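A.B. asks: Mind looking over this structure? Questions follow.
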Amino acid sequence: MRISIPSLAAAALIVAGCGGAPTGAGAGSGGASDGGGVGDDAGAGSGNPDAGSGADGGGSDSGSDASSGSGGPATHMLSVEISGTGGASGSVQSTPAGVACRPSCSASFADGTDVVLTATAASGSMFKAWKGAACSGSTTTCTVHLTGDAQVTAEFQPTTTQDECAGLAPGDPGEPVRLQATDFGNSCDIATSDGSGNVAATITDIFAAPPRDITNVRLFDGSGVSLGRFGYGSGPLFEQLAGFVGTSRPFQSSNSDVFAIDAHGNEIGRDRPSDVGTAAEDPLGGMVVAEVIGQGNHLAAYDGRAHLRWRVALANGVRGGGGRIILGVDRLGNTLVLTTEDAVSDFRGQWVDHDGHAGPQFTATADFGSDPIDANLILAPRVGDGLFLEETSPRKGWLLQFDSLAAAALPPPSWLSSRPAEAVHIARGGRAYAFFELSGHSGVSPCAQRIEIVAPSGRSCGTAVFPIASASCTTGKINVGYDGTVIQALPFEMQRRNDDGTLTCTWQSWPGFLH
């Protein structure tokens, strides 16, 4: 499957000599630290302050590209430094061309250019991270959207001989804890756990009418002791360090509430925003929701007690009933919003940082290749920062990746694009991926489910098997919670339908197994 990525803007205009002193840079629009914000874009409005002509930068008419007084296009200087510890080294090149240096160099680009920097480690070295206001993260590529002068440092470190799977490989899960609850419902649904290992397991009743709830949440401690119950309408439930948050759309209602509950099912917060289209968990706590207010879309962030943190207008609305919004929040708490409209083949993207500062809109895909309205798409966090885009139906596969706060899309890493479409969860305290099969795999014999642990480089660190029965079965849903607890719903044929119309559901859990 080929995804068309929009071509980058104009080529470099001026290249300074490699090894020269970097020019001063204005405030950038790049990465954030954990829980931190990102500064607003800034930079010299007159373009490159050092631009000129002749050896002394004087007044020959071969002069400046800057827009100050000349009517020409504004340019901004991008300066790159190479930093290495323990003798490590490497190089950085740019697309469009211009930056190609070790240990330092700079180049000027037209205002608004998206410059993709690629770091290449020398022999015996490995890339560590990008540093600076315009770039962050540990992937070898970074996109800088130039609206002012910017400075970036590429850090390298010696190649380590330590096994990257050390501390990540799964062992034997051992005997599970059995969780059981009875309620009105049609299916024994997904379960998750908070940071203390308390489990929230859901029983869904899609035909429920008041006073019955559509979603019945049963709460358990790590040993399987029942702690309480909470009922709400339809909507997702997200694990937190303590307790759970979610959105609730009541029966036959067009509006959703935002709520928070503790581990006993006690409601500890609620808000009633405008029409909620979709929601996503914030790994730093709380969640974000997309709202339709009047003719435009807004993004709102809530903390772990369902208190509003901020609300910001998005760059474009979804006009008409056929549009859709997809949300994803990376490990730095930055939110990517993807939007499309009916009869449109592209997706537009916009980042909003953890403090509610919205970035520029950009084209995420120029030609999606199928109907984006009908596709089931998921934005999944990467280890460290950024997001992967996955399609689970009708096509199946990994489509793109996005560096945190970068106004451009990149192809997925080769190790990921070769994998089948699967559910993925961050595991091992944020140091690895847990890949597991989507529910509904029929004919599995013996009846079991598997979770593979994968290092950030794509190396498999082993697979854990979670058995159900010796015969074949159609598996239910399996999940990994906040604290690494694995929770597995038994297949529907192993659940019990009661004469009074209730359903007795059974889950198995392995507390903290992938912490």
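The values are calculated or read from the model by the stated rules, or taken from the named source; none is laboratory data. Because the structure is predicted, anything quoted here is derived from the model rather than measured. Heads up, the Cβs are rebuilt from the backbone with ideal geometry, glycines too, and the neighbour counts pull from every protein chain shown.
A.B. asks: Go through the stretch 361-374 and report how many residues are touching a strand residue (DSSP E or B) at 6+ places or on another chain (Cβ under 7 Å), farther than 12 Å from Ile325 by Cα and not aromatic (Phe, Trp, Tyr).
C.D. replies: 6
A.B. asks: Looking for something buried (at least 21 other Cβ atoms within 10 Å of the Cβ), within 31 Å of the chain's Cα centre (by Cα) and over 26 Å from Ala300 (Cα atoms) - is there at least one such residue anywhere in the stretch 222-245?
C.D. replies: no
A.B. asks: Further question: Given the criteria in contact with a strand residue (DSSP E or B) (Cβ under 6 Å, 6 or more places away or on another chain), modelled with pLDDT of 95 or more and not assigned by TED's automatic domain parsing to the domain that holds Leu336, does Ala380 qualify?
C.D. replies: The answer is no for Ala380.
A.B. asks: Which ones in the stretch 245-283 are under 11 Å from Gly304 (Cα atoms) and either touching a Leu at 6+ places or on another chain (Cβ under 8 Å) or not in a loop (DSSP other than H, G, I, E, B) (or both)?
C.D. replies: Selection gives Val245, Gly246, Val258, Phe259, Ala260, Ile261, Ile268, Gly269, Arg270, Glu281.
A.B. asks: In the stretch 228-242, which residues are touching a Phe, Trp or Tyr at 6+ places or on another chain (Cβ under 6 Å) and either part of a loop (DSSP other than H, G, I, E, B) or closer than 11 Å to Ala263 by Cβ (or both)?
C.D. replies: Scanning the stretch 228-242 gives a single hit, Glu239.
A.B. asks: Filter the stretch 396-448 down to the residues that are within 27 Å of Ser472 (Cα to Cα) and buried (at least 22 other Cβ atoms within 10 Å of the Cβ) and list them by number.
C.D. replies: Once the filter is applied, which keeps residues that are within 27 Å of Ser472 (Cα to Cα) and buried (at least 22 other Cβ atoms within 10 Å of the Cβ), the stretch 396-448 yields Val424, Ala434, Phe436.
A.B. asks: From the list Asp374, Asp385, which residue is on the phi < 0 side of the Ramachandran plot, buried (at least 17 other Cβ atoms within 10 Å of the Cβ) and among the charged types (D, E, K, R)?
C.D. replies: Asp385
A.B. asks: I've got another one for you. Looking at Ala489, Ala427, Ala471, Ala464, which one is under 18 Å from the mean Cα position of the chain (by Cα) and either of a type in the set (Gly, Ala, Ser) or assigned by TED's automatic domain parsing to the domain that holds Gly174 (or both)?
C.D. replies: Among Ala489, Ala427, Ala471, Ala464, only Ala427 is under 18 Å from the mean Cα position of the chain (by Cα) and either of a type in the set (Gly, Ala, Ser) or assigned by TED's automatic domain parsing to the domain that holds Gly174 (or both).
A.B. asks: Only one residue in Glu239, Glu291, Glu267, Glu281 is at pLDDT below 95 and either on the phi < 0 side of the Ramachandran plot or not small (Gly, Ala, Ser) (or both). Which one?
C.D. replies: One residue alone meets the criteria, Glu291.
A.B. asks: Since Ser226 meets every condition but one in (1) modelled with pLDDT of 95 or more; (2) under 25 Å from Val329 (Cβ atoms), which condition does it not meet?
C.D. replies: (2)
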